[in-house]
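Taking it in order: structure first as structure tokens, then the write-up.
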Amino acid sequence: MAGAGSQPPGGGDDGGRSNTAIITKAKPRTKRPNLYRVLLLNDDYTPMEFVVHVLERFFNKNREDATRIMLHVHQNGVGECGVFTYEVAETKVTQVMDFARKHQHPLQCVMEKN
Ligand code: TYC
């Protein structure tokens, strides 16, 4: 469709006959990355102290916050450890799952798009 908006801002639709410059100002487009929640899932076998340790070690929580999150997961079935970009979230999930497996605990850690 020809008409309003079909030419660049600043006009100058003279078929190239004049030497008027068109200066377009770039819009400041700061694009935010997609964010992912990393979640711990409850189970009946992983010791509470192990889950607290995981939260301290991989999610940089202090003991108080780690204990609060662990108890939330224990009581509600699932809880958030943090929100990260895709690659960081994926790394956290892998680290937790590897660490749990190494200690023979069934602890599950997953990520979901925020
Ligand atoms: N429910 C476990 C227990 O009673 C503790 C636990 C908490 C396990 C959080 C996993 O993500 C978890 N020992």
Phi to ³J(HN,Hα) by Karplus 6.51 cos²θ - 1.76 cosθ + 1.60 over the stretch 46-57, Hz, x for Gly, Pro: 5, x, 3, 5, 5, 5, 4, 4, 4, 5, 6, 6
If the limit is 31 Å between Cα atoms, which of LYS27/LYS61; LYS61/LYS102; LYS25/LYS113; LYS27/LYS92 go over it? LYS27/LYS61; LYS25/LYS113; LYS27/LYS92
Net charge over other residues, Cβ less than 12 angstrom from the Cβ of PHE58 (K, R count +1; D, E count -1): +1
Across all directions of projection, what mean area in square nanometres is found for the Cα convex hull of the stretch 22-114? 7.5 nm²
For the stretch 41-113, with every protein chain kept in place, what is the accessible area per residue (1.4 Å probe, Å²)? 63 Å²
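The values are calculated or read from the model by the stated rules, or taken from the named source; none is laboratory data. Predicted, not measured: the structure shown is a model, and the values here were computed from it. Positions of Cβ are generated from backbone atoms using ideal geometry, with glycine treated the same way; all protein chains shown enter the neighbour counts. Accessible surface areas use protein heavy atoms only, side chains included; no ligands, DNA or RNA. Shrake-Rupley method; radii C 1.70, N 1.55, O 1.52, S 1.80 Å.
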